[in-house]
Amino acid sequence: MSDVEEEVKVVQWNSFGLDPRILSGIAALGWKEPTEIQEAGLPIALKGKDILAKARTGSGKTGAYLIPIVQRILHIASTRALIIGPTRELCSQIEAVVRELCVKCLDVVSIYELGSEVETEADISASIVIGTPGRILNALKSERLSLTELSVMVLDEADLLFGFGNDKMVTEIVSHLPGTQQSFLMSATLSEQVEKIKKLTLRNPVTLKLDDSSLPNAETLQQYQINLNEDFEKYLVILSFLKLRIVRGKSLVFACGTNRCYKLKLFLKQFGIPSVVLSSELAAASRHNAVQQFNKGKFDVMIANDQVDLDEEIEEGEHTKAKKEEKDSKKKKSKTQEEDHREFGVSRGIDFQNVSNVINFDFPTSAKQYIHRAGRTARGDNKGRVINLMIGQEERDCLDKVTEVTGISVDRFKFKMEQVEGLRGRASDALDKCSKRAIRDGRVAEIKQAILNSKKLQEEYFTRHENDLMALRHDANLKKVSKRSDLANIPTYLLPAQIKNSLNIENARLKPQTKNYHKKGLSTKEKQALLKKRRANDPLKTKAKRAK
C-alpha cells in the first residue's frame with residue numbers, strides 16, 4: 001500500500017499525454033507537479049466528461065480545467081470555450097494564466113476577455129472567451145457572441161457567482177448553450193444554488209471532493225485574535241505590526257468601507273509605510289494594476305475594501321459606522337454601479353501571490369466571507385497566518401459563529417498593548433491628520449491618477465483636450481497628507497525592550513568600522529597625512545586652539 005501511495009506522490013505532468021506546447025506553458029507558469037485536484041481531474045477531463053469539483057482556494061482548480069481546454073483546442077481547431085467568473089479581477093487573472101499556458105501556441109489559441117480595455121465592438125470568435133455573467137449576457141444580447149457551437153463551458157468559483165446575485169443571469173446564459181458541451185463547475189463550497197445549476201448544466205458529472213476543510217490545517221495556516229478596547233487601538237496595533245516588523249512578509253488588510261481603507265492608508269503613509277488600496281471605485285484596469293504591483297512586491301501592504309454580498313444584511317455595531325454609510329450609499333447607486341460592485345470582490349478568487357499575513361482590521365460578517373479572506377494566504381505549500389483585530393461583543397460573537405461553522409481554532413496572539421504605549425501619542429497625532437477632507441482628497445487623487453493612466457482616454461480624449469490633461473496632472477501632484485519625518489523615524493526610547501534589543505543586535509552587525517589609520521599597506525607619510533587631517537577636522541581640538 002505504501003508503494004502505491006509513493007507512486008501517487010511522484011506523478012509528473014508528462015504522464016497525462018499532454019501536447020509538448022502545453023508542457024512548455026506549464027513550465028513557464030512554474031507548476032512543478034500536479035496538485036491533488038489536477039492529478040485527479042485531468043484524466044477525467046481529458047476524456048471529455050463533465051466535472052463538479054469542490055476544492056478550497058489555491059488548490060489548482062484553474063489549471064484543472066484550462067489544461068484540458070487548451071489540449072482540446074490544439075487537437076480540434078474548431079473548439080470553442082466559455083469561462084464564466086464572478087469578478088473582473090478573477091477573469092483578468094484567468095486570461096493572464098491562459099496566455100502564459102499558451103505561450104508556445106498563441107498562433108493557434110485565441111483568447112478574448114470581455115470587459116478589458118482592448119475590447120472592441122466586433123463579433124467575438126475567439127477560441128476561449130472569458131467574462132463575468134453581466135458582460136457575457138450583454139455580448140449575447142448584442143449578438144456579438146454566439147454559443148450555439150460551444151464545446152466547453154466553465155463556471156469558476158460557482159458558489160461566489162450566486163453569492164453576488166447572478167443566478168438569474170447565469171440561468172439565462174445557460175439557456176443559450178447547445179446542451180452538448182463539456183462542462184466544468186468549480187466551487188469552494190457546494191451550496192443549494194450550486195446543486196441547482198449542476199442539474200441545468202452537467203450531464204452525468206464526476207464529482208471531486210478533495211478537501212475535508214475549506215481552509216488549510218493549523219500547521220499551514222495559523223489563526224489568531226487580539227481583543228482590543230477601542231477602534232483607535234486597531235490603528236495602534238497595525239502600526240506596531242508593520243513599523244516594528246512584528247509581522248513580516250506581505251500583508252493583506254481587510255476593512256469594511258472605502259473611507260476606512262483610505263483613512264488607514266493615510267495613517268500608515270505618515271509613518272513611511274507605503275500601501276495600496278483595492279476598491280470597487282477604481283476602474284477594472286486600475287484594480288488589476290494594483291494587484292499586479294502588490295504581487296510583484298512594489299507594495300508589501302494592500303488594504304482591501306471587502307464589500308459584503310449585496311443580498312446580505314449588514315449588522316450595525318461599535319465599529320460599523322463605515323459599514324452603515326456603505327449600506328446607505330448602495331441604496332442610492334444606479335443599476336450600473338450595483339453591477340460594478342457585483343463584479344468586484346476582493347476576497348473572492350483574486351490570486352494574491354505570496355501573502356504571509358491576512359489581517360482582519362474589521363471582522364467579516366459571515367463565515368463564508370471569513371473563509372474567502374483567510375484563503376488569500378497559505379496557498380499551495382506556503383504557510384500563512386490570519387490575525388483578527390477584535391473590539392466589542394458583536395465582533396466576538398461573529399468570531400464564535402465562524403469557529404462554530406468552520407470548526408477552526410483561533411488562538412490568542414501574544415501581544416501586550418502596554419509594550420507599544422510609547423507609540424500611542426504619535427499614532428493619535430497621525431490619526432487626527434486623517435480628516436474627512438483628507439480622505440476625500442486621497443480618494444479623488446487616486447481616481448484622477450487612474451484617469452491619467454487610462455490608455456483609452458490618452459488615445460481618444462486627452463489628445464483633443466490637452467487643458468484637461470494638464471489640470472489633472474497638476475491636481476495629481478498635490479498631496480494633502482504625506483510622509484512625516486518626525487513620525488517615520490521612531491526614536492529607540494519609544495520602542496519595546498524586545499524590539500530595542502533586536503535592533504541593537506542588528507545595528508551592531510551593520511555598524512560601519514572606524515577607519516584604521518595604522519593598517520598595513522600605507523606608507524609612513526600617508527599615515528601621518530591621514531592623522532593630521534583627522535585632527536584638523538576635530539571640532540573640540542580646533543576650538544581649544546582658538547581659545548589659546
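The values are calculated or read from the model by the stated rules, or taken from the named source; none is laboratory data. In this text, all values refer to a predicted model and were calculated from it rather than measured experimentally. Positions of Cβ are backbone-derived with ideal geometry, glycine not excepted, and every protein chain shown enters the neighbour counts.
Is there a residue being in a helix (DSSP H, G or I) and in contact with a strand residue (DSSP E or B) (Cβ under 6 Å, 6 or more places away or on another chain) anywhere in region 56-67? Yes, the conditions are met somewhere in region 56-67.
Would you be able to say whether some residue in region 422-433 is under 29 Å from ASP486 (Cβ atoms), in contact with a Ser or Thr (Cβ under 8 Å, 6 or more places away or on another chain) and at pLDDT below 95? Yes, region 422-433 has at least one match.
Candidates in region 177-213 are the residues that are small (Gly, Ala, Ser) and in contact with a helix residue (DSSP H, G or I) (Cβ under 9 Å, 6 or more places away or on another chain); of these, the one that is modelled with the highest pLDDT is SER183. Can you confirm whether region 148-160 contains a residue that is surrounded by fewer than 19 Cβ atoms within 10 Å (Cβ to Cβ) and either among the small types (Gly, Ala, Ser) or assigned by TED's automatic domain parsing to the domain that holds ALA55 (or both)? Yes, region 148-160 contains at least one residue that is surrounded by fewer than 19 Cβ atoms within 10 Å (Cβ to Cβ) and either among the small types (Gly, Ala, Ser) or assigned by TED's automatic domain parsing to the domain that holds ALA55 (or both). Scanning region 15-46 for residues that are closer than 14 Å to ALA64 by Cβ and surrounded by fewer than 17 Cβ atoms within 10 Å (Cβ to Cβ) yields a total of 5.
So, in region 120-160, of the ones that are closer than 13 Å to VAL170 by Cα and of a type in the set (A, V, I, L, M, F, W, C), which residue ends up modelled with the lowest pLDDT? Of everything passing the filter in region 120-160, LEU160 is modelled with the lowest pLDDT. The set of residues in region 231-266 that are within 18 Å of ARG437 (Cα to Cα) and either of a type in the set (Gly, Ala, Ser) or over 21 Å from the mean Cα position of the chain (by Cα) (or both) contains only GLY257.
If I ask for residues that are assigned to a loop (DSSP other than H, G, I, E, B), within 27 Å of the chain's Cα centre (by Cα) and within 23 Å of LYS47 (Cβ to Cβ), which ones from region 191-212 would you list?
The one that is assigned to a loop (DSSP other than H, G, I, E, B), within 27 Å of the chain's Cα centre (by Cα) and within 23 Å of LYS47 (Cβ to Cβ): LEU210.
What residue, among those in region 221-272 that are of a type in the set (Gly, Ala, Ser) and buried (at least 21 other Cβ atoms within 10 Å of the Cβ), is nearest to ALA430 (Cα to Cα)? Taking the candidates together, the pick is SER240.
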